[in-house]
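Quick notes on the structure that follows.
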Amino acid sequence: MNIQLMQANNDKRMSSREIAELCDKNHFHVKRDIEMMCQQIEIDVSKFGGIYFDVSNRQQTEYLLDRDLTITLVSGYNAKLRYRIVKRWQE
């Protein structure tokens with residue numbers, strides 16, 4: 001799966017699905033981590049919600065994070081994963 005950085009209101013965003021792919025994590029766990037992070041920094045997570053359709057054509061939730069939130073999220077993961085994310089943003 002190769003998901004491109006998305007444009008939302010002329011701001012680049014990275015989807016929680018791409019973060020999961022780059023970090024070799026389950027998307028469900030990345031969404032949980034995003035929800036916990038937003039709660040801790042007192043940001044309404046619903047502002048970042050998006051919808052996609054999975055391989056079974058079921059509607060699913062994803063989050064679209066800007067660069068700062070992406071790096072904040074993965075800074076809790078290991079250095080190798082942080083490096084992958086930083087390199088992807090620089091592309």
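The values are calculated or read from the model by the stated rules, or taken from the named source; none is laboratory data. Remember, predicted model here, so these are calculated numbers, not experimental data. Areas reflect the complete protein model, heavy atoms only, side chains present, ligands, DNA and RNA absent. Shrake-Rupley method; radii C 1.70, N 1.55, O 1.52, S 1.80 Å.
What to note about this one:
- Percent carbon-and-sulfur accessible area, region 5-91, ignoring ligands, DNA and RNA, probe 1.4 Å: 46
- The Rg/Rh ratio for region 51-91, using Cα coordinates for both the radius of gyration and the Kirkwood hydrodynamic radius, is 1.12.
- Per residue accessible area in Å² of region 5-91, where ligands, DNA and RNA are left out and the probe is 1.4 Å: 64
- Listed residues Ile51, Ile41, Ile71, most fluctuating in the chain (Gaussian network, C-alpha, under 10 Å): Ile41
- Evaluated at q = 0.11 Å⁻¹: base-10 log I(q)/I(0), Debye formula over Cα of the chain: -0.28
- Glu62 long-range amide H proximity, modeled H, under 5 Å: Gly50, Ile51, Tyr52
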